[in-house]
Structures are given as structure tokens and as C-alpha cells.
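Quick one: the structure is below, questions incoming.
The values are calculated or read from the model by the stated rules, or taken from the named source; none is laboratory data. Remember, predicted model here, so these are calculated numbers, not experimental data. Cβ atoms come from the backbone with ideal geometry, glycine included; neighbour counts cover every protein chain shown. We work out accessible area using only protein heavy atoms, side chains counted, and drop any ligands, DNA or RNA first. Shrake-Rupley method; radii C 1.70, N 1.55, O 1.52, S 1.80 Å.
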Amino acid sequence: MPTPVVVVHGGVRVSAPRREDPAADEEAVNKLRWIAQSAYRAMEAGGSALDAVELAVRLMEDDPRFNAGYGSALNLLGEVEVDASIMDGYRMRAGAVGGVKGVRHAVSLARAIMERTPHVLLVGEGARDFARKLGLGGNEDLVYETRVEYRRRMLEALKSGRGPERLKSLLDLLPLYGVADTVGAVAVDSEGRLAAATSTGGLTLKLPGRVGDSAIIGAGTYASRAAACSGTGIGEAAMLVLGAYRVVKEVEEGKSPQEAVEDVLLEIHKTTGYAFGFISVGADGGIGVAQTGYGLFWAASGGGWVDGGVKKERPKGLLVT
Ligand code: ASP
């Protein structure tokens, strides 16, 4: 009988924080532990892995310290446009939304697209209309004051010439001023079914209309009957190498979830130079948590245990230039 497990992440820091705030980090990790336990209990009460990842992501979408749902990062115009995806590895189906406004629980909208339409991905106004029709939001105010201040500071840095001129280096500007960032969850239930979900406001100061890896099945989210994976970091990097898909494939080919996440992170770093983070779980309940940045916020829970922290070690073999 498979061992049910839930793993969640609250984002990776892709550059060094301006100042360390261990108390705030600990609070964020405690919240993630509680969320992992809540999602695990939902499976104990009869829910599936899919229900568990949706619940975990919804709880993080409600917490403004995470960059998803309420409290999402603001784009160049100061608006919130969210991306999310969910995948049911057992039934090989998925749903996703990109660049949608006014939807707090984008993960539930992604699930509705998976379960109630023949499509995988809806974007922009179409996704928003669909949310309105289903009563899943569409007009919610997701702007959190702290994010307004981050965006203002980043714009100032750009204007004063301290910021980069090109979009590629603009992404490097992201010191992730907040405690954490994008959110995600992976789970395996007692029947061995696997699921993954990810949700985000994306990158601060992104161009309006930009869609990142969290909306792209195979890049930020993937699940099969062997493993499930969710990622965080500069989304363009995971899109270029189809990161989450490759993690799952490596587990299918015999690697452990930990080996697989480390391998793919090294590959992302080698090919794009960007820091990234992944969580993963295998059908046997083995987990993988790894990052190549400045800390991945994570937690996990199984029968009678809960674990978590800010993972700062990087995989062996990472060549930092
Ligand atoms: N991957 C997300 C994106 O690029 C951001 C993040 O993980 O923090 O939209």
C-alpha cells in the first residue's frame, strides 16, 4: 500500500536577500508545515492527491506573504495577472490558466478547466469569463499593499539607472523582497495516485501578458503514474528545458525524486544560468526538494510526521560563475 505524502513549496529566492529575517522565514515555514499537514489530513479523510494539492495551493493563495492569489506580484502596470496549473498524473489530464485577472484561487480555475472543458490552457479574458460563469471569481481585488511598495522600489531602481536596461537582466533584479514567492504542491495518496499544482502572480514588473512556467504543463508542473513535480524560479528557464516534465521522466527511468530534481536543476543552471527550485514526490512516497538559489521554502507531511525548512544547500556539481 503506497504511503501518502504531501510536499509544498512557497517559492525560491533567486537572488540573495538584502537582509536576512530569520523570524519571518520561520513563520513562513511554520505556515507551510501547517498547510502540508492540512492537505495530508484531507487525504486521510478520503480526499485524493488531486484534492490535497488543490487545497494546499488554495491555502497559500490566501496568504499574502506568498506570491499567488491575494498578494501576487505586480506587473509593469501595477496589475495582478496570475498563472496556475494542476495535473492529475493517474488520469493523465491537466488544466491551466495564464495571465488572468481578478481570480484569487487560480488553481481551482485550472482544475475546472481540466474537469469541465476539453482544453488544457485558457488565458486572459477568456479564462476570466470562464471563472465568472462558474462563480470562481473574476473581479477579486488581489493587490496587497506590500507588493505595491516592492514594485515602487524596483521601478525607482530602474529609473535611477541602478537597474538593468534589458529584460533578461531585469529578471536578475528580482531580489524577491518578500519572504517567499510562487507556491506549489505535489502529493501521492493511499491508492498511489499522484498530482501536482502550482500558482503564481509571476515576476514583479513582468510585461503585461507575460505567462510563465507555472501555467505551462511540463515546465512548472507535471505528474504521471510515477512522480509529480512543481517548480519555482525564473519561469523562462523551466520553459526552455521543460523542467517539471524532465524531473518526472527521470523518476520513470529509475532515479529517486531527490536525484531527479537535482539533475534537472543542474541542467537548468548549465543551460540558462538561472537559479530554480523543485519539489517532487514518487509513487512510493519518496520525496525530492532542491534548489540552486538562495533558499527554497518547503514543507512535507506524511503519516505522523511533518518536516520543512528553508533549503539553502545546492546540489553538488553546481558551477556558480
Ligand atoms: N516561476 C514563476 C514565474 O516565472 C515565478 C516564481 O517561481 O517565483 O512566473
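Do we find a residue being assigned to a helix (DSSP H, G or I) and either under 14 Å from the mean Cα position of the chain (by Cα) or on the phi < 0 side of the Ramachandran plot (or both) anywhere in segment 225-236?
At the first step, the residues of segment 225-236 found to be assigned to a helix (DSSP H, G or I) are 235-236.
From what is left, the residues that are either under 14 Å from the mean Cα position of the chain (by Cα) or on the phi < 0 side of the Ramachandran plot (or both) are 235-236.
Scanning segment 225-236 turns up at least one residue that is assigned to a helix (DSSP H, G or I) and either under 14 Å from the mean Cα position of the chain (by Cα) or on the phi < 0 side of the Ramachandran plot (or both).
Any idea which of (1) farther than 26 Å from Lys101 by Cα; (2) of a type in the set (A, V, I, L, M, F, W, C); (3) within 16 Å of the ligand (Cβ to nearest atom) is the one Leu242 doesn't satisfy?
Among (1) farther than 26 Å from Lys101 by Cα; (2) of a type in the set (A, V, I, L, M, F, W, C); (3) within 16 Å of the ligand (Cβ to nearest atom), Leu242 violates only (1).
Within the set of pairs 6+ apart or on separate chains, which have a first residue in segment 236-262 that is within 16 Å of Val289 (Cα to Cα) and open to solvent by 50 Å² or more (accessible area, probe 1.4 Å), a second that is assigned to a helix (DSSP H, G or I) and not aromatic (Phe, Trp, Tyr), and C-beta atoms under 6 Å apart?
Partner pairs satisfying both residue conditions: Arg246/Val264.
OK, next. Picking from Gly288, Gly293, which residue would you name as being at pLDDT below 95, over 14 Å from Leu32 (Cβ atoms) and among the small types (Gly, Ala, Ser)? Step through it out loud before you land on a result.
Values: Gly288 fails: at pLDDT below 95.
Checking each option against the conditions leaves just Gly293.
Something else now. Being among the hydrophobic types (A, V, I, L, M, F, W, C) and either under 27 Å from Val100 (Cα atoms) or within 16 Å of the ligand (Cβ to nearest atom) (or both) narrows it down to one of Ala36, Ala23, so name that one.
Values: Ala23 fails: either under 27 Å from Val100 (Cα atoms) or within 16 Å of the ligand (Cβ to nearest atom) (or both).
Exactly one residue qualifies, and that residue is Ala36.
Just checking, which of Ser199, Ser214 is within 14 Å of the chain's Cα centre (by Cα), more than 9 Å from the ligand (Cβ to nearest atom), on the phi < 0 side of the Ramachandran plot and open to solvent by less than 10 Å² (accessible area, probe 1.4 Å)?
Numbers: Ser214 fails: more than 9 Å from the ligand (Cβ to nearest atom).
Only one candidate passes the filter, namely Ser199.
Here is a further query. Condition check: open to solvent by less than 40 Å² (accessible area, probe 1.4 Å) and either modelled with pLDDT of 95 or more or more than 18 Å from Ala49 (Cα to Cα) (or both). Does Val306 satisfy that? Please lay out each step first, then the result.
On the way: open to solvent by less than 40 Å² (accessible area, probe 1.4 Å): no; either modelled with pLDDT of 95 or more or more than 18 Å from Ala49 (Cα to Cα) (or both): yes.
No, not satisfied.
Could you identify the single residue in Val289, Val281 that is within 16 Å of the ligand (Cβ to nearest atom), open to solvent by less than 50 Å² (accessible area, probe 1.4 Å) and touching a residue at least 40 places away in the same chain (Cβ under 8 Å)?
Working: Val281 fails: within 16 Å of the ligand (Cβ to nearest atom).
Selected residue: Val289, the only one of Val289, Val281 that is within 16 Å of the ligand (Cβ to nearest atom), open to solvent by less than 50 Å² (accessible area, probe 1.4 Å) and touching a residue at least 40 places away in the same chain (Cβ under 8 Å).
May I pose another question? Is one or more of the residues making up segment 114-127 open to solvent by less than 40 Å² (accessible area, probe 1.4 Å) and either of a type in the set (Val, Ile, Thr) or under 17 Å from the mean Cα position of the chain (by Cα) (or both)?
Restricting attention to segment 114-127, the residues satisfying the condition of being open to solvent by less than 40 Å² (accessible area, probe 1.4 Å) are 114, 117, 122, 124, 127.
Retained after the next criterion (residues that are either of a type in the set (Val, Ile, Thr) or under 17 Å from the mean Cα position of the chain (by Cα) (or both)): 117.
Looking for residues that are open to solvent by less than 40 Å² (accessible area, probe 1.4 Å) and either of a type in the set (Val, Ile, Thr) or under 17 Å from the mean Cα position of the chain (by Cα) (or both), one finds at least one in segment 114-127, hence yes.
Something else: If Ala219 satisfies all but one of (1) modelled with pLDDT of 95 or more; (2) farther than 28 Å from Met114 by Cα; (3) surrounded by 24 or more Cβ atoms within 10 Å (Cβ to Cβ); (4) not β-branched (Val, Ile, Thr), what's the number of the condition it fails?
Condition (2) is where Ala219 drops out.
Next up: Could you check segment 14-52 and list, in sequence order, the residues that are closer than 12 Å to Ala185 by Cβ and either surrounded by fewer than 18 Cβ atoms within 10 Å (Cβ to Cβ) or not hydroxyl-bearing (Ser, Thr, Tyr) (or both)?
Residues of segment 14-52 that are closer than 12 Å to Ala185 by Cβ, as a first pass: 32, 35-36, 38-40, 42-43, 49-52.
Leu32, Ile35, Ala36, Ser38, Ala39, Ala42, Met43, Ala49, Leu50, Asp51, Ala52 - these are the residues of segment 14-52 that are closer than 12 Å to Ala185 by Cβ and either surrounded by fewer than 18 Cβ atoms within 10 Å (Cβ to Cβ) or not hydroxyl-bearing (Ser, Thr, Tyr) (or both).
If Leu77 satisfies every condition in (1) on the phi < 0 side of the Ramachandran plot; (2) surrounded by fewer than 19 Cβ atoms within 10 Å (Cβ to Cβ); (3) modelled with pLDDT of 95 or more but one, which is the exception?
Against the list (1) on the phi < 0 side of the Ramachandran plot; (2) surrounded by fewer than 19 Cβ atoms within 10 Å (Cβ to Cβ); (3) modelled with pLDDT of 95 or more, Leu77 comes up short only on (3).
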